[in-house]
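Peer 1: So that we are looking at the same thing, I have put the structure below in C-alpha cells.
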C-alpha cells in the first residue's frame, strides 16, 4: 500500500504561492482596505488613508527557519495563519502571479493580532 505524502503547509492554504522565505523572513499577504475595515475589532485605530497607502497588517503565508545566534537556530515566533501588524517601511514587496506580497524580517513584525 502506498503511503500518502503529507501536503505542504503552503499547498493547504488557498491561493498561496510556493515561496519559502530564508532566514528570519516572513511572507505576508497584506489585508485589503475592506478587510481592514472588518478587522477593526482588534481595537487598533486605523487612520483614514487613501487606497494608495500600503496596509500595515496582514496574514502570514510562510516563514523561514529562523536565524542562528551563538551557533543555535532560533526559530521564528510567528506561524503560518497568524494575523500580524508590522512596520510601515520594514518590508520588501514581491509580486507573485500578479499579487503583491511582502517579505518581512521578523524584527519588523510588531505584534500578533488575536481575536
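Peer 1: Suppose we filter the stretch 67-102 for residues that are in a strand (DSSP E or B) and in contact with a helix residue (DSSP H, G or I) (Cβ under 7 Å, 6 or more places away or on another chain); how many remain?
Peer 2: Residues in the stretch 67-102 being in a strand (DSSP E or B) and in contact with a helix residue (DSSP H, G or I) (Cβ under 7 Å, 6 or more places away or on another chain): 2 in total.
Peer 1: The conditions are (1) in contact with a helix residue (DSSP H, G or I) (Cβ under 8 Å, 6 or more places away or on another chain); (2) modelled with pLDDT of 90 or more, and residue 55 fails exactly one of them. Which is it?
Peer 2: (2)
Peer 1: Also, quick follow-up: Just to be sure I understand, how many residues within the stretch 95-115 are more than 11 Å from residue 84 (Cβ to Cβ) and without any contact (Cβ under 8 Å) to a residue 60 or more places away in the chain?
Peer 2: Adding up the residues that qualify gives 2.
The values are calculated or read from the model by the stated rules, or taken from the named source; none is laboratory data. All values derive from a computational prediction rather than experimental measurement. Neighbour counts are summed over all protein chains in view; Cβ atoms, including those assigned to glycine, are modelled from backbone coordinates with ideal geometry.
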